[in-house]
Ligand SMILES: [Cu+2]
């Protein structure tokens, strides 16, 4: 009987250890709030998270997060190409509109990955 009690305690302790480690991993992955000049674009197979991004005019840091697949995007008419790993500075002029598109051939829906930036 004593052996079973010890075994149960061991199982419970292990389960708790697993739960705590999962909880701490989630804490590490908690999202860092964006700075005021940062704009986050989320891409997945095969779309941007918004059909239209409304952005205040001014100098911004463009950030990219890939939810699924690996994507980058470019802004038509500019040299800008944003990758997952580094923010890119770009100054948006008031009243402008830009087309952005996936710039990394990523699969069957690649050509559909188009969105618009409207500068307020
Ligand atoms: Cu693509």
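Answer yes or no as to whether residue 112 is surrounded by fewer than 16 Cβ atoms within 10 Å (Cβ to Cβ) and farther than 18 Å from residue 45 by Cα.
Numbers: surrounded by fewer than 16 Cβ atoms within 10 Å (Cβ to Cβ): yes; farther than 18 Å from residue 45 by Cα: no.
So residue 112 does not fit the description; no.
Name the residue, out of 91, 99, that is in a strand (DSSP E or B), touching a residue at least 12 places away in the same chain (Cβ under 8 Å), more than 16 Å from the chain's Cα centre (by Cα) and within 16 Å of the ligand (Cβ to nearest atom). Steps first, please.
Details: 91 fails: within 16 Å of the ligand (Cβ to nearest atom).
So the residue among 91, 99 that is in a strand (DSSP E or B), touching a residue at least 12 places away in the same chain (Cβ under 8 Å), more than 16 Å from the chain's Cα centre (by Cα) and within 16 Å of the ligand (Cβ to nearest atom) is 99.
Values quoted throughout were computed directly from the atomic coordinates according to the rules given, and no laboratory measurement underlies them. As the structure is a prediction and not an experimental result, all values here were calculated from the model. Counting neighbours? That spans all protein chains shown, and the Cβs are built from the backbone with ideal geometry, glycine included.
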